[in-house]
Amino acid sequence: MTGNENTGNENTENEQAQGPKHRRNLTRRKVVVAGAGTVAAVGVGGTLTAGAFAGETGGKGATPKASSTATGADACYKLTSETTEGPYYIDADKIRQDITEDREGIPLTLRIKVIDSETCEPVRNAAVDIWHCDALGLYSGYESLSTGGGGGGGTPPSGAPTDVPSGTPTGSPPAGGGGGVHEEPTDDKRYLRGTWRTDKQGFVTFKTIFPGWYRGRCVHVHTKVHVNGEWTDAGYEGGNTCHTGQFFFDEESVLASAEVEPYSTSTTERTKLDEDTIYDGSGVQGGLLKLKYKENDIAEGVVGTITVGVDPEATHTGTE
């Protein structure tokens, strides 16, 4: 397949919705290009307000900073927390900004700024991946595993267990959300997955939907940042994965979303933010998004922003 990104023009501030051609090899990744249909994402009401990116706090009521390109100590707050990759990562994501496909849900514009946490400088031309479940907790590529499941997925068995092992288990327990154990895809769907490049100011924007929830995890979006590679006609080659993390949503916004269809039809027990086994409670450093939406009308759409501080020389695949 072929994309339609003009790799001869690195000026991406206008966030032209055009993707690289053919395939790419992103460190160990093989990415199949979607090609058509990507659009520049806009915020609620057709406009995208820059909002606060460094030092922001979660919640719709937070006051945005005056500038989206903050510098100095405020921008270099700390390295963003590393987390598990989870079981549902797929190398063959699509190079696109609009990852919605046919999924129903509250429109979400996710605007991410990637900075070097040591120098405060934006990280340009990085490849940023995001992926998350749909409004009812399903992951594309893993629908049969994620139906009704938490972390590792699957519907729990009924009846008493047999062949129970004896003795005391050794070693550390796995992290929540499926630990780092990767599952092989069970279907060829790829909704709510995508990859795009940061512009020269370190920004990347995705258009998606507000995620739902599944048993054992709070509402979240997975992300990876790949740097030190090269964008070519074939895609992105070489480099290293310098960050694997997750973005989180405050309780007020999740409760508001739960009143809107199809979220309101979910019968799955929900894990709250402060009960989650992955979120470390450190606010933006831990991946907590700043969210903006109309009070009492979240269904119209949400804009989420965050600054991700990375060490471009590090390697964090989330499977360590």
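Looking across Ala299, Ala314, one residue alone is surrounded by fewer than 22 Cβ atoms within 10 Å (Cβ to Cβ) and either closer than 30 Å to Lys200 by Cβ or touching a His at 6+ places or on another chain (Cβ under 6 Å) (or both). It is Ala314.
If you go through the range 240-267 one residue at a time, how many are open to solvent by 40 Å² or more (accessible area, probe 1.4 Å) and part of a loop (DSSP other than H, G, I, E, B)? If you could, list the steps in order and put the result at the bottom.
Keep residues of the range 240-267 that are open to solvent by 40 Å² or more (accessible area, probe 1.4 Å), which gives 251-252, 255, 259, 261, 264-265, 267.
If we keep only those that are part of a loop (DSSP other than H, G, I, E, B) too, we end up with 259, 261, 267.
Residues meeting the conditions: 3.
Hey, any hits in the range 203-214 for a residue that's touching a Phe, Trp or Tyr at 6+ places or on another chain (Cβ under 7 Å) and either in a loop (DSSP other than H, G, I, E, B) or at pLDDT below 90 (or both)? Spell out the reasoning first.
Taking the range 203-214 as the starting set, the residues that turn out to be touching a Phe, Trp or Tyr at 6+ places or on another chain (Cβ under 7 Å) are 204, 206, 212.
Adding the requirement that they be either in a loop (DSSP other than H, G, I, E, B) or at pLDDT below 90 (or both) leaves 212.
Within the range 203-214 (the criterion being touching a Phe, Trp or Tyr at 6+ places or on another chain (Cβ under 7 Å) and either in a loop (DSSP other than H, G, I, E, B) or at pLDDT below 90 (or both)), the answer is yes, since at least one residue qualifies.
Only residues that are among the hydrophobic types (A, V, I, L, M, F, W, C) and either open to solvent by 10 Å² or more (accessible area, probe 1.4 Å) or over 27 Å from Val260 (Cβ atoms) (or both) were counted in the range 197-232, giving 5. Scanning the range 287-320 for residues that are closer than 18 Å to Asn228 by Cα, β-branched (Val, Ile, Thr) and outside any strand (DSSP E or B) yields Thr315, Thr317. For the residues Gly58, Gly151, Gly105, the requirement of being in a loop (DSSP other than H, G, I, E, B), modelled with pLDDT of 50 or more and buried (at least 19 other Cβ atoms within 10 Å of the Cβ) singles out Gly105.
Listed conditions (1) under 19 Å from Ile90 (Cα atoms); (2) open to solvent by less than 50 Å² (accessible area, probe 1.4 Å) are all met by Glu237, apart from (2).
The values are calculated or read from the model by the stated rules, or taken from the named source; none is laboratory data. What you see is a predicted model, and the numbers here were worked out from it, not measured in a lab. Note that we place each Cβ from the backbone using ideal geometry, even for glycine, and neighbour counts take in every protein chain shown. Heavy atoms of the whole protein, side chains included, go into the accessibility calculation; ligands, DNA and RNA do not. Shrake-Rupley method; radii C 1.70, N 1.55, O 1.52, S 1.80 Å.
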